[in-house]
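To start, the structure under review is shown below, and the notes come after it.
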Amino acid sequence: MAKTRGIWSAFYIQTSADSVADTAMAMARVGTTLWYQVTSSSDYYWDKAKAIKVYDGVTEVVPLEIDYAAGAVRLASAASGEVTADAYKFACAQLGGFRSFSLDESMELIECGCFEDDGEVYEPGAYSASGSGEGFWSSVDAYHDFNGLTLLAKPIGAAGNAISAECIVSGNNTPLTIAVVGNKITINSATSSGGAATSKNWQIKNAIEASAAASALVRCRYTTDYATNSQTVMGAITQASLSGGAVPEMLSRFGEEVIAVFYWDSGASLIRTSGLITFEDQSVDTSVKGLVGKNLKFKALGLLYDHAG
């Protein structure tokens, strides 16, 4: 089956050498399914080499399936009490993701009918999944929140830390302008007749994106949500540098298994598919800069699980 309408994905990689035991982790039912998932995202990634225990109230139950990449279990029937789990979990960090992807799953069918049976009988055999994604992005880009409008560096990694911005409020009845000198972006807010700042974040975002010099340095996004942040008047902000740009050591570990979370549109609802994957045809020495914007192929390491709300 091909899932061709993938809209977003995120990849995580293990950062702790050893898993850590945790007990009585709260789990919530996923929609009307028999899947239950830990409620805290920091508890998602379980050690598949260690045994887990799941409880319906105080009674231990044996799950039919375990999605170690999502901290989720499928029970035989709906729980009657609070569901909790004892498991070993890894510390993980986000590696990046795709802005669009395709995902293909297949199941080999094995004929198991008896001699002279009138009909052919098949049972499921080996499962496999693979796919590709476009627009790889890195989670190590430098950024800074300017009163609800976040500027993200376009230069990859530590180079983005050299970019800075400020917002100046000066004069009466002045227009909104954007100036760039070197790696510094200066936002001159529009002002009222009394000299108060009037430029809202959506206007500043549009102005930065319309400036060839500024848009070559940064991308813009609202820090939390459009409705609130877009209408915020930025006001005067002293010069601040973008920060957080880095190429972490874990990006040299592309040959290892990666925890993948895919989101796609089933036509009726948004589906979350999770599991372990590995990237194909990529050297472990590939730099993050060499991956950004590229089409990458991957294959699943075991089952991928769908979790529909």
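The values are calculated or read from the model by the stated rules, or taken from the named source; none is laboratory data. As the structure is a prediction and not an experimental result, all values here were calculated from the model. Here Cβ is always computed from backbone atoms with ideal geometry, including for glycine, and neighbour counts include all displayed protein chains. All accessible areas refer to the heavy atoms of the entire protein, side chains included, with ligands and DNA or RNA removed. Shrake-Rupley method; radii C 1.70, N 1.55, O 1.52, S 1.80 Å.
General remarks:
- When the alpha carbon coordinates of the stretch 19-73 are projected onto the principal axes, the ranges are 30, 22, 18 Å, largest first.
- Solvent-accessible area, 1.4 Å probe, carbon plus sulfur percent, for the stretch 1-81: 54 percent
- Stretch gain in nm, segment S77-S40, where the contour uses 0.36 nm per residue and the Cα spacing is subtracted: 11.0 nm
- Spacing of the two label points (7 Å from each Cα toward its C-beta) at T33 and R219, in nm: 2.8 nm
- With each label modelled as a point 7 angstrom along the Cα→C-beta vector, the A236-T15 pair spans 3.8 nm.
- Extending 7 Å from Cα along the Cβ direction at D86 and again at E60 yields two label points whose distance is 0.7 nm.
- Distant alpha-carbon pairs in the stretch 153-204 (separation over 15 angstrom), percent: 52 percent
- Of the residues E60, E256, the one with the largest accessible area comes first in the ranking E60, E256, computed with a 1.4 Å probe on protein heavy atoms.
- With 0.36 nm allotted per residue and the present C-alpha distance subtracted, the V181-S128 stretch has 13.8 nm of extension available.
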